[in-house]
Amino acid sequence: MFAYLGGEAGPSLQEFGIGTPAESSSLADRNAVFVIDYRLPPVLVPIVSKGYFWSGTELDFYNLSDYNGNLFAFSSRLTSGALQPDLAVFTDRDNSLHLGGSVVQPVGDNAWILHLDDAWSYAYDDDDNELLIKVWVDQSAVPPLVIPEPGSLALLGVGVVALLAGRGRRRVV
Ligand SMILES: [Ca+2]
Ligand SMILES: [Ca+2]
């Protein structure tokens with residue numbers, strides 16, 4: 001489950017979603033969670049359920065910011081050659097959050113708040129506040145009747161949930 005808690009950004013469209021989409025992909029082809037238009041007055045953003053994930057599933061996230069032209073950031077690249085936008089969004093470069101360089105704040109059992117800069121922030125600031133997003137596991141969720149093929153889970157990629165789970169491997173995200 002995902003809740004947009006707010007954020008501060010210059011006039012821009014800010015997209016947050018799951019996975020590592022191709023940079024040439026269209027919005028319809030991406031697994032977007034939120035698309036927030038900071039050129040417009042704030043609106044109420046509904047909570048988003050992205051469905052059932054099996055225990056142990058690892059997720060990557062992305063940000064697309066058009067503040068100064070379209071620019072992606074991918075959490076998946078943190079482990080495979082991170083670029084500056086990736087580090088800006090998915091790490092806290094100056095540790096201002098006091099989370100050891102992470103942007104993931106645990107807020108109880110199976111719940112976290114992501115403090116995300118946008119991709120363009122790498123050139124401007126490190127205030128970790130373009131997108132504040134709460135992520136949590138709905139403990140009442142039940143497995144889907146049809147078990148997905150392993151390949152469809154593999155498409156989800158690797159990355160952030162291992163960290164979100166707060167146990168086992170520890171990554172800086
Ligand atoms: Ca920022
Ligand atoms: Ca910071």
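Brief remarks follow.
- The stretch between N68 and L83 holds 3.7 nm of extra length on full extension. This uses 0.36 nm per residue minus the Cα-Cα distance.
- About its Cα centre, the stretch 2-164 has a charge dipole of approximately 400 debye under the convention of +1 per Lys or Arg Cβ and -1 per Asp or Glu Cβ, with nothing else charged.
- Segment I47-V146, extension gain: residue separation times 0.36 nm, minus the distance between their alpha carbons: 33.2 nm
- Selection from F16, Y67, A123, by position along the positive dipole direction of the stretch 2-164 (Cβ): F16
- Taking packing as the residue-averaged number of other Cβ atoms within 10 angstrom, the listed peptides 95-107, 134-146, 7-19 run from highest to lowest as 7-19, 95-107, 134-146.
- Extending 7 Å from the Cα toward the beta-carbon at both V137 and S26 defines two label points whose distance is 3.6 nm.
- Multiplying the residue separation of V107 and D94 by 0.36 nm and removing their Cα-Cα distance gives an extension gain of 2.5 nm.
- Counting all C-alpha pairs of the stretch 2-164, share separated by more than 19 Å (%): 54
Computed from the coordinates by the stated procedures, all read-outs in this text should not be read as laboratory data. Computed from a predicted structure; not experimentally measured. FYI the Cβ positions are ideal-geometry reconstructions off the backbone, even for glycines, and counts take in every protein chain you see.
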